[in-house]
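Trainee: Pasting a structure here, questions to come.
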Amino acid sequence: MVDVARTAAQHFDEWAPRYDAQIREMVPRYEEIHETLIALLRLRPPERFLDLGAGTGYTLLRVLDAFPDATATGLDVSPEMLERARQRLAGLHERVELRQSDIAQPEISASYDAIVSVLAVHHLYPDQKRHLFSRIWEHIEPGGIFVIADYFEPAVARLSELYDLPDEPDPHEVEHDHPDTAADHLAWLIAAGFAAVDVVWKYDDVGVLVAWRAERPTP
């Protein structure tokens, strides 16, 4: 039997040295995605923050810089990605914990004010996404948010004609990517228990979704 987590880890280990440069070529509005993420978090500044698929630590750095009182945890399946994240976050080591964990079955024990995943959830199959969203709901504090920044399957194939997409699929995408529509994600988030969901930013097939857990009832 193929160890899927090991296969994914090997793939991202190989990609790690080139990731920071290539992701900005693949996702031209990468910085705009992060600006949207930070704006959402400012609605209720987090004290405890979790990044699923933390990669080389860029999202963690942006969040810790924006919220000086916050502490963060980053999970990623790739040891090489995590090593680059440790180097990037060396001056913030007292505020951040990095751990190897597959987001398909993330090792989450604490509760967080905000959980985010940037360009990682699309690597999961639909059943894995639904399971992950339920796990995330369990570990978000009442009133907290979950933010997904990712790329999504167009709702209908004709929409692809409007998007600036490559003519031929990248071999990486064929092997490792399993995108679903934004509408699918929103439905699964509601089914997981989130009280409100929305699309807050979108450009071509890339978007930012947000889901809120309901506030704790007032006695």
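Laboratory data are not the source of any read-out in this text; all were calculated from the coordinates shown. None of these values were measured; they are calculated from a predicted model. All Cβ positions, even for glycine, are placed from backbone atoms using ideal geometry, and neighbour counts span all protein chains on display.
Trainee: Note down the net charge around Leu50, summing +1 for each Lys or Arg and -1 for each Asp or Glu among other residues with Cβ under 14 Å from its Cβ.
Mentor: In short, -3.
Trainee: Now, a different point. Between Glu31 and Arg216, what is the label-point separation in nm under the 7 Å Cα-to-beta-carbon projection?
Mentor: Taking the two extended label points, one gets 4.0 nm.
Trainee: Moving on. Report the full-extension gain for the segment Asp65 to Ala195: residue separation times 0.36 nm, less the Cα-Cα distance, to one decimal in nm.
Mentor: Separation in residues times 0.36 nm, less the Cα-Cα distance, equals 43.9 nm.
Trainee: Next up: For the chain, what are the per-bin percents of Cα-Cα distances with bins 10 Å wide, up to the bin holding the maximum?
Mentor: Result returned by the calculation: 8, 35, 39, 16, 2, 0.
Trainee: Order these by the 10 Å Cβ neighbour count, fewest first: Asp177, Asp102.
Mentor: Lowest to highest Cβ neighbour count: Asp177, Asp102.
Trainee: What is the local net charge at Val206, summed over the other residues whose Cβ is closer than 10 Å to its Cβ (Lys, Arg +1; Asp, Glu -1)?
Mentor: -2
Trainee: For segment 19-26, in order, what is each residue's ³J(HN,Hα) by Karplus, 6.51 cos²θ - 1.76 cosθ + 1.60 with θ = phi - 60°, in whole Hz (x at glycine and Pro)?
Mentor: Karplus-based 3J(HN,Hα) across segment 19-26 equals 4, 4, 6, 6, 5, 6, 6, 6 Hz.
Trainee: A further question on this structure: I want the local charge near Asp20. Using Cβ-Cβ distances under 12 Å, sum +1 for each Lys or Arg and -1 for each Asp or Glu among the other residues.
Mentor: Residues close to Asp20 contribute a combined charge of +3.
Trainee: Could you run the Karplus curve 6.51 cos²θ - 1.76 cosθ + 1.60 with θ = phi - 60° over segment 68-85 and give me ³J(HN,Hα) per residue in whole Hz, x for Gly and Pro?
Mentor: For segment 68-85, the Karplus curve yields x, 8, 7, 10, 9, 10, x, 10, 7, 7, 9, x, 5, 4, 5, 5, 5, 5 Hz.
Trainee: Would you please classify the overall shape of segment 1-124 from the alpha carbon gyration tensor, given that a ≥ b ≥ c denote the square roots of the eigenvalues, rounded means a/c under 1.5, and beyond that prolate means a/b larger than b/c while oblate covers the rest?
Mentor: Here segment 1-124 falls in the prolate category.
Trainee: Can you tell me what share of the DSSP beta bridges in segment 4-212 is antiparallel? A percent to the nearest 5 is fine.
Mentor: Of all bridge pairs located within segment 4-212, approximately 40 percent are antiparallel.
Trainee: Hey, can you grab everything whose amide H is under 5 Å from the amide H of His178? Only 5+ residues off in sequence or another chain; H modelled, so Pro and N-termini drop out.
Mentor: Close amide H contacts, sequence-distant or interchain: His123, Leu124.
Trainee: Kindly provide the helix-only [θ] at 222 nm of the chain, computed as the sum of -39,500 (n - 2.57) over DSSP H runs of four or more divided by all residues, to the nearest 500 deg cm²/dmol?
Mentor: Values: 7 runs with 85 residues, N = 219.
Taken over the chain, the calculation gives -12000 deg cm²/dmol.
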